[in-house]
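Colleague: Quick one: this structure, given as structure tokens, is what I'll be asking you about.
The values are calculated or read from the model by the stated rules, or taken from the named source; none is laboratory data. Just so it is clear, the structure is predicted and the values come from calculations on it, not from any experiment. All Cβ positions, glycine included, derive from the backbone under ideal geometry; neighbour counts span all protein chains shown.
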Amino acid sequence: MANFAKPGVPRFAVEVYQNAHLPEGGREVNAIVTVTATGGGTTGETPLVPHQSPVGVAARPAAPAAGVVVMVDCSGSMEYPPTKMRNARDATAAAIDTLRDGVAFAVVAGTHQAKEAYPGGGRLAVADATTRHQAKEALRKLTPGGGTAIGTWLRLADRLFASSDVSIRHGILLTDGRNEHEEPEALRTTLNACAGRFTCDARGVGTDWEVKEVTGIASALLGTADIVADPAGLAADFTRMMESTMGKEVADVALRLWTPQGAEVRYVKQVAPSVEELTGRRVESGPRTGDYPTGSWGDESRDYHVCVRVPSAAVGEEMLAARVSLVLPAPDGGPAQVLSQGLVRAVWTADPAVSTSINPQVAHYTGQAELARVIQQGLDLRRSGDVDGATAKLGRAVQLASRSGNEDTAKLLAKVVDVVDAATGTVRLKAKVSAEAQMTLETRSTKTVRVKK
Amino acid sequence: MSQLPRPPQLTACPVCHEPLEPGDNFCGGCGADLSAPPPGERFPAPSGTPAAAPGRRAAGRPGPPPGADASVPDPRAFGGVPAQSAHGALAGRGDRPRPDGGRSPLPAANGTGRTCGACRSGMIDKDGYCEHCGHAPRERDHMEHQLPGVAAVSDRGLRHHRNEDAYAVSTVPLADGGPATVAVVSDGVSSATRPDEASAAACAAARETLVTALPRGTDPRQATHDAIVRAAEAVTSLAAPPPPANEPRQHETHRQENAPACTIVTAVVTGDLLTVGWIGDSRAYWVPEDRATQPARLTEDDSWAAQMVAAGLLSEAEAYADERAHAITGWLGADAYEVDPHTASFHPDRKGVVIVCTDGLWNYAESAERMAEITPPDARSHPLECARRLLAHALDGGGHDNVTVAVLPFPLPPEGAGSA
């Protein structure tokens, strides 16, 4: 496969796993698309003053300019217990220590409003020994007090990113409570406005926050969500997040999907490393072509499940059911740069032995997506008091996790249910389940494992 | 190649010759459907209904027979360059899932601007698929060849899922130093198995026999007879091996009676002599350049309708309106009653072209006069263009069947003056 990437942009490889054979009259084509980005050249230091190249991405510096805004919850609840605020400060300091020289950064103190904790003046600082030290000094002045309106934090982060021309824009958001001082609609509006402008990881510390709020923020902003139940674990988690951000080499990559005339895209989801529904995020980009955002990429691999309904054709016919490409939009709005592509095919056959076999990757990720769904449904039913319904759903989850070798999820499930027989999915709900166990399971329910090869 | 040139709209019903108004979708006389099929009906499954003897094909209703025949050649057998080069073997396609979806780039596929044979509105992209409907073209879906003195076009048409027609064209030097041109056209019988292989085998065998015999000085009529006999043997031999495992609709008990079968028609121009030979209902027409003179059909169908007319039992109109009209009474194949090649020679006394075609064309221009009407005036100097125009006429008429046309200018163009 031809490689279109220029130095400075990771090389993208696309692999397609599918059973291309359809029975007579068959229309639905499923494929797992594995996208792997490698070798962007992260060793060079980011220039102090990132400059916009007039000729576009091809001439981008070897390590692109990155900017990070850390949003720390400073609401009154952070005081209980006091270790929470102290751990948040320490974690942010650890994250700042992880910043590469030259990376633009800022710290936002979040309450019912957002304040610039560092550097101030509506701009980003450029990381070096001095600014890192100054930022950590500023962290000491953070004191808890006030409410929680996360949308205001995100809007301030967006303004700070806009003051700079960094290409990779990433936020890290920490909260310990519910978004109580803002209408849910206001947060949704903010997320819609910020989507595509920067990416953001979200973390809930303690157990008083709302799982769906935190996962919703990460999902909308193409980042990760997790629980840090014990504040003592924050520093390690922040360091990992920052290292991952420093590894990003290219931003705003889109998954472009071409489908033939008369075809219908049933869904497009990311299925590894976690399940993320992308179907509704399509932006039309040409005839029969739409783009789905994937955010920024470092050296990493992700899997996507593409399901397309094509017009049926006669036995013996072959059709291109979808062309999947990774594209980088041109800064000047010109034609996007195609990083790599793969082809999803459909071949009609009269041989049932061929057309009925399910590709192992497709089967595996169909199971992983169901696993995420039944965990969510089971926990919702459990909260609403439907013991039988919850038992059935969580039993199915145990079965799927066991069968697919998703051990992390199986362990989390075992804290919520007593497993009688994992193979058949026979479980009993535990009478007492800690909030931490339940929230951890819910937050991490979308985590998937790859096919055992 | 971009879109095929479009001739004027049909002026008469291809079935009953009732005059039509512009924009008619159905014939006011016989009710025949004149419009292109809706997309959903583009690939009807072959009916697979075996016809009762003596007819080989069951025609369900008047007009172009559903699930009828087609033919295809082996492109390697021709001197010309395929207009659509294939990007994969016809057989075995789809048996090799490639993880990266990568398709080896084809030498001829880099922006040659091939039009998709499936939807006819998109172009084939560098990956070998239509940019519009996604279909992968198959090499026999649309083929063209041009040699000095002969051109041919074959197309899947609009209703059939594959092209079962075939053709073969050649020019060979004769013993006296003059050239001979050869065209063979064959139409696979759809109700039999592997009709595409039958027509390809028939064309290859007939062409081989002709280009071997003619330079030796064999009488063209004798060579034509031998070529058809050889073609029949080639088709018969296809019945012997068991069919491939993935052959759809294979009924073990019918294998012998459903043996691969096809029609054949040949035309040979040698000096001032024109020789035709045929079995079945593929035809040859003579269209003089001076349209004031009489065109002629040079072949007599081996078909139910033709037999009824010849026996004086029905008028031509009555015979062709009958649902059995297109059932053929002679064919090449293991289950043929006897192989009795028809041959005829002519000494045309004026300039013109020989049109050799399958019923996918003549269903839309049955009489010699109609065929002459739709043949461009400059057919003799531009035979390939002529063949394309005749194909376009059949497609505009509905393209119910595979369409194959070969055009041979008469007399042969002088050496080195071949139309390019």
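Colleague: For segment A:359-370, does any single residue satisfy the condition of being of a type in the set (Asp, Glu), farther than 16 Å from A:Val253 by Cα and within 14 Å of another protein chain (Cβ to nearest Cβ)?
Modeller: Within segment A:359-370, the first condition is being of a type in the set (Asp, Glu), and the residues that meet it are A:370.
Now restrict to residues that are farther than 16 Å from A:Val253 by Cα: A:370.
If we keep only those that are within 14 Å of another protein chain (Cβ to nearest Cβ) as well, we get none.
So far as segment A:359-370 goes, no, none of its residues is of a type in the set (Asp, Glu), farther than 16 Å from A:Val253 by Cα and within 14 Å of another protein chain (Cβ to nearest Cβ).
Colleague: Going by what's in this entry, would A:Ala272 be described as buried (at least 18 other Cβ atoms within 10 Å of the Cβ), in contact with a Lys or Arg (Cβ under 7 Å, 6 or more places away or on another chain), within 14 Å of chain B (Cβ to nearest Cβ) and of a type outside the set (Phe, Trp, Tyr)?
Modeller: Numbers: buried (at least 18 other Cβ atoms within 10 Å of the Cβ): yes; in contact with a Lys or Arg (Cβ under 7 Å, 6 or more places away or on another chain): yes; within 14 Å of chain B (Cβ to nearest Cβ): no; of a type outside the set (Phe, Trp, Tyr): yes.
In short, no.
Colleague: Quick one: which of A:Val9, A:Val14 is buried (at least 19 other Cβ atoms within 10 Å of the Cβ), part of a loop (DSSP other than H, G, I, E, B) and modelled with pLDDT of 50 or more? Steps first, please.
Modeller: Values: A:Val14 fails: part of a loop (DSSP other than H, G, I, E, B).
The conditions single out A:Val9.
Colleague: Being surrounded by 24 or more Cβ atoms within 10 Å (Cβ to Cβ) and either under 21 Å from B:Gly277 (Cβ atoms) or in the same structural domain as B:Cys357 (by TED's automatic domain parsing) (or both) narrows it down to one residue among B:Gly177, B:Gly134, B:Gly149; which is it?
Modeller: Working: B:Gly177 fails: surrounded by 24 or more Cβ atoms within 10 Å (Cβ to Cβ); B:Gly134 fails: either under 21 Å from B:Gly277 (Cβ atoms) or in the same structural domain as B:Cys357 (by TED's automatic domain parsing) (or both).
Criteria check complete, one pass: B:Gly149.
Colleague: Now, a different point. Specify the residue that is modelled with the highest pLDDT; the eligible residues are those in segment A:33-59 that are hydrophobic (A, V, I, L, M, F, W, C) and more than 18 Å from A:Val327 (Cα to Cα). Outline the logic, then answer.
Modeller: So in segment A:33-59, the residues hydrophobic (A, V, I, L, M, F, W, C) come out as A:33, A:35, A:37, A:48-49, A:55, A:57-59.
Subset that is more than 18 Å from A:Val327 (Cα to Cα): A:48-49.
Numbers: A:Leu48: 31, A:Val49: 34.
Residue satisfying both the conditions and the ranking: A:Val49.
Colleague: For segment A:241-294, which fully contained strands (runs of 3 or more DSSP E) count at least 3 residues that are under 27 Å from A:Asp408 (Cβ atoms)?
Modeller: On the way: elements: A:250-258, A:264-272, A:283-286.
Per the criteria, A:264-272.
Colleague: Further question on the same structure: Can you find, within segment B:132-188, the residue that is farthest from the other protein chains (Cβ to nearest Cβ) among those that are small (Gly, Ala, Ser) and in contact with a Cys (Cβ under 6 Å, 6 or more places away or on another chain)?
Modeller: Within segment B:132-188, the subset small (Gly, Ala, Ser) is B:134, B:136, B:149, B:151-152, B:154, B:157, B:166, B:168, B:170, B:175, B:177-178, B:180, B:183, B:186, B:188.
Subset that is in contact with a Cys (Cβ under 6 Å, 6 or more places away or on another chain): B:166, B:168, B:186, B:188.
On the way: B:Ala166: 17, B:Ala168: 23, B:Ser186: 20, B:Gly188: 14 Å.
Ranking the candidates gives B:Ala168 first.
Colleague: When you go through A:Arg288, A:Arg266 one by one, which is the residue that is in contact with a strand residue (DSSP E or B) (Cβ under 8 Å, 6 or more places away or on another chain), at the interface with another protein chain (Cβ under 10 Å from one of its Cβ atoms) and closer than 21 Å to A:Glu28 by Cα? Walk me through how you get there before you give the answer.
Modeller: Numbers: A:Arg266 fails: at the interface with another protein chain (Cβ under 10 Å from one of its Cβ atoms).
A:Arg288 is the lone residue from the list that is in contact with a strand residue (DSSP E or B) (Cβ under 8 Å, 6 or more places away or on another chain), at the interface with another protein chain (Cβ under 10 Å from one of its Cβ atoms) and closer than 21 Å to A:Glu28 by Cα.
Colleague: Just the residues that are of a type in the set (Asp, Glu) and over 20 Å from A:Ser301 (Cβ atoms), please, taken from segment A:227-253. Full working, then the answer.
Modeller: Start the filter on segment A:227-253 by keeping residues that are of a type in the set (Asp, Glu), which leaves A:230, A:237, A:243, A:249, A:252.
Result: A:Asp230, A:Asp237.
Colleague: Any residue in segment B:249-271 that's within 14 Å of chain A (Cβ to nearest Cβ): show its pairings with residues that are surrounded by 24 or more Cβ atoms within 10 Å (Cβ to Cβ) and modelled with pLDDT of 90 or more at Cβ separation under 8 Å, as long as the two are six or more apart or on different chains.
Modeller: Short answer, once both residue conditions are applied: none.
Residue by residue, here is whether (1) assigned to a helix (DSSP H, G or I); (2) buried (at least 24 other Cβ atoms within 10 Å of the Cβ) holds:
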{"residue": "A:Asp101", "(1), (2)": "no, no"}
{"residue": "A:Glu116", "(1), (2)": "no, no"}
{"residue": "A:Leu142", "(1), (2)": "no, no"}
{"residue": "A:Arg159", "(1), (2)": "yes, no"}
{"residue": "A:Gly171", "(1), (2)": "no, yes"}
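Colleague: Where in segment A:298-382 are the strands (runs of 3 or more DSSP E), entirely inside, with at least 3 residues that are polar (S, T, N, Q) and under 30 Å from B:Pro137 (Cα atoms)? Let's see the steps before the verdict.
Modeller: Values: elements: A:300-309, A:318-328, A:337-348.
Qualifying strands (runs of 3 or more DSSP E): A:337-348.
Colleague: Output the residues belonging to segment A:298-355 that are surrounded by fewer than 21 Cβ atoms within 10 Å (Cβ to Cβ), of a type in the set (Asp, Glu) and within 33 Å of the chain's Cα centre (by Cα).
Modeller: Passing the criteria: A:Asp299, A:Glu300, A:Asp332.
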